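The values are calculated or read from the model by the stated rules, or taken from the named source; none is laboratory data. Every value quoted in this text rests on a predicted model; they were computed, and no experiment measured them. Counting neighbours? That spans all protein chains shown, and the Cβs are built from the backbone with ideal geometry, glycine included. The protein model used for the area step is the full one, side chains on, heavy atoms only, and it has no ligands, DNA or RNA in it. Shrake-Rupley method; radii C 1.70, N 1.55, O 1.52, S 1.80 Å.
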Amino acid sequence: SWSVEPVSLPPAKNLEEMKSMALGNMKNGKRPWDNENLVANNMSKIPFLERCKAGRKIDIGCLTVGRGRILFMPGELAVEYQLAAKEVRKDLFIAMAAYGDYGMGYISTAVQYTQGGYEAGPASAVAPEVEDVLMGAVKKLLNKK
């Protein structure tokens with residue numbers, strides 16, 4: 001069987017600022033990333049921001065085959081999401097496939113966002129609250145009868 005849980009991912013707090021800088025640079029004849037605080041890959045996150053503002057959700061999917069579950073997730077997820085999903089249902093075989101939608105880039109855990117680094121910083125378009133959203137969907141999908 002196939003189940004879907006639509007979710008709204010929280011955008012990173014600095015996405016609007018990055019968009020403004022990029023558009024301001026283009027208006028002034030510069031490349032969008034001509035700013036030490038704005039790297040080129042953040043231009044790809046502007047459509048994600050606009051999608052969030054429009055209220056469009058992202059589907060988290062789950063394929064059930066016997067005692068197996070395959071979760072289909074967005075972004076480039078930290079491995080901790082796979083490990084957490086396995087903890088939710090230790091009685092099942094759990095697999096996870098990410099990159100279903102890459103508009104938000106890397107998705108770290110809430111703790112990783114406090115620790116910083118590339119994946120939890122400029123390469124991620126989501127806020128730390130994303131962990132609660134994704135794990136809430138994972139729990140619902142894995143516990144469906």
Probe 1.4 Å, protein heavy atoms only - accessible area per residue of the stretch 43-145 in square angstrom = 51
Compute the length gained on full extension between Lys13 and Ala54: take 0.36 nm times their separation in residues and subtract their Cα-Cα distance, giving the result in nm to one decimal.
-> 13.1 nm
Ile70, Ile46, Ile60, reordered so the largest accessible area comes first (probe 1.4 Å) = Ile70, Ile46, Ile60
Cross-link partners of Lys86 among lysines (Cα-Cα below 24 Å; sequence separation of 8 or more within a chain) = Lys139, Lys140, Lys144, Lys145
Ala110 versus Val88, label points 7 Å from Cα toward the beta carbon: distance in nm?
-> 1.6
